[in-house]
């Protein structure tokens, strides 16, 4: 019983001493945590992570810009298709009216002619600062205006003077020059934009792959740096323990 009482008394004394001992202040605890965070391994890992994040951000911005350029190419091609549809629709309506003289054929004719200049204006906005494409679109704008005037004149001539006069006007030399040039210009724009789209698609895919590689390398370097530092710290601790025991 005596030994048991002594152990209990000793434990009680230790508990009293522990309660009486001053506890570390919050500043001391914070300083200890900061010292751990400021270890070389942690700092190196943070630097690697920040470098990877900087590269990722930069290439993300490039990727976003590349996707916008690719979207512009798609819009250019869609708009050229719309221009072609409007032109062909107006021409079909014109032929129907010239042959029959029936006003029902003019129902799709006027809206198509009204929308055609707006479609060419949208196309001009989509090509942006591409000088070669902008020059083609400027030429297309002139040809479209000329073609609209020709179609309107043909319909009006059929209304006033009849089928024979309209037919003779269509058969005169050079009557289809503006139309042929308009079609050729549209094809030039589409061919150039398809080539640009192919190049831009390739660039976007390369940037996407590079971003994946950067992300993987950043993760591997961060993990490897921390693992190497921990291994080095354990090795130093073993050497220190061996020196003390020796």
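What to note about this one:
- Inter-centroid distance (Cα atoms) of the range 156-181 relative to the range 60-97, Å: 29
- Projected area, mean over directions - the range 61-197, Cα convex hull, nm²: 8.5
- Averaging 1/r over every pair of different alpha carbons in the range 75-143 and inverting the result gives a Kirkwood radius of 12.9 Å.
- Full-extension gain in nm, residue 165 to residue 201, via 0.36 nm per residue minus C-alpha separation: 7.8 nm
Values in this text are rule-based calculations from the coordinates and carry no lab data. Keep in mind that this is a model prediction, so the values were computed, not measured.
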